[in-house]
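Here's the structure, in structure tokens; my notes come after.
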Amino acid sequence: MQIDIEKINEILRDKTPVEIISWAMQQEGKAVVTTNFRPYEGAILHACTQVKSDIDVIWCDTGYNTPNTYRHAEDLIKLLKLNIDLYVPKQTAAHRDIVLGIPNVDDEKHKLFTEQVKLEPFKRAMEFHAPKIWFTNLRKGQTSFRDSIDIVSLGNDGVLKVSPFYHWSDEEIDDYLETHQIPNEFTYFDPTKVLENRECGLHS
């Protein structure tokens with residue numbers, strides 16, 4: 001995919017999320033959106049389905065979500081009629097908890113834990129779907145790595161990563177969700193992020 005990333009980001013800087021998504025959909029290749037139903041995911045899912053109602057939505061469920069997050073996921077799936085493709089770890093949580101000593105996994109085992117519950121299911125999903133365009137809800141200010149990208153970035157694998165809400169604040173997304181009557185939830189827990197600003201490996 002040959003595009004001028006810097007120029008594209010300049011053009012898209014003042015566009016709405018739906019306009020950004022519409023631009024990306026016009027590029028060559030299959031598009032997917034990934035989600036884990038963390039806070040504010042309703043915004044990217046709503047915006048993407050406004051442009052393409054049946055877009056493939058990849059959900060990599062670690063198996064460690066809170067009860068509220070699972071209920072929230074079911075609510076959004078029903079409300080937005082999401083075309084969900086669910087991926088889960090190959091090993092059960094019960095087995096892993098004993099072997100790795102969850103929830104007190106040490107740093108030495110953290111890499112293996114992350115590989116099992118997040119990276120391997122994600123790689124499997126991306127290999128199956130083989131997208132050229134990947135919508136995600138990364139935003140500036142979340143981590144130092146995410147501060148270094150922009151609305152559009154191109155991965156080493158040639159996949160165009162598009163973050164339509166990249167420059168939006170929490171308050172702006174709160175307004176978006178309220179305007180469109182999309183629920184939010186804040187009990188999400190990511191077991192792979194022991195440190196507040198640690199990247200899980202999907203985006204770095």
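Table for the structure above
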item: Odd one out for T62 among (1) touching a helix residue (DSSP H, G or I) at 6+ places or on another chain (Cβ under 6 Å); (2) surrounded by fewer than 16 Cβ atoms within 10 Å (Cβ to Cβ); result: (2)
item: Pair list, Cβ < 9 Å and 6+ apart or interchain, from the stretch 2-15 residues that are without any contact (Cβ under 8 Å) to a residue 24 or more places away in the chain to residues that are among the hydroxyl-bearing types (S, T, Y) and surrounded by 15 or more Cβ atoms within 10 Å (Cβ to Cβ); result: K15/S22
item: Matching residues, the stretch 17-45, being surrounded by fewer than 21 Cβ atoms within 10 Å (Cβ to Cβ) and either without any contact (Cβ under 8 Å) to a residue 40 or more places away in the chain or aliphatic (A, V, I, L, M) (or both); result: V18, E19, S22, W23, M25, Q26
item: Selected residue (criterion: surrounded by the fewest Cβ atoms within 10 Å (Cβ to Cβ)) from residues of the stretch 65-79 that are closer than 21 Å to F135 by Cα and either free of Cβ contacts under 8 Å to residues at least 60 places away in the same chain or within 16 Å of the chain's Cα centre (by Cα) (or both); result: K78
item: All positions within the stretch 89-108 that are assigned to a loop (DSSP other than H, G, I, E, B) and surrounded by 13 or more Cβ atoms within 10 Å (Cβ to Cβ); result: P89, Q91, I102, V105
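Every read-out reported here was derived from the displayed coordinates using simple, explicitly stated rules and does not represent laboratory data. The shown structure was predicted, so the numbers you read here are calculated from the model rather than taken from an experiment. In this analysis, Cβ positions are derived from the backbone assuming ideal geometry, glycine residues included, and neighbour counts consider all displayed protein chains.
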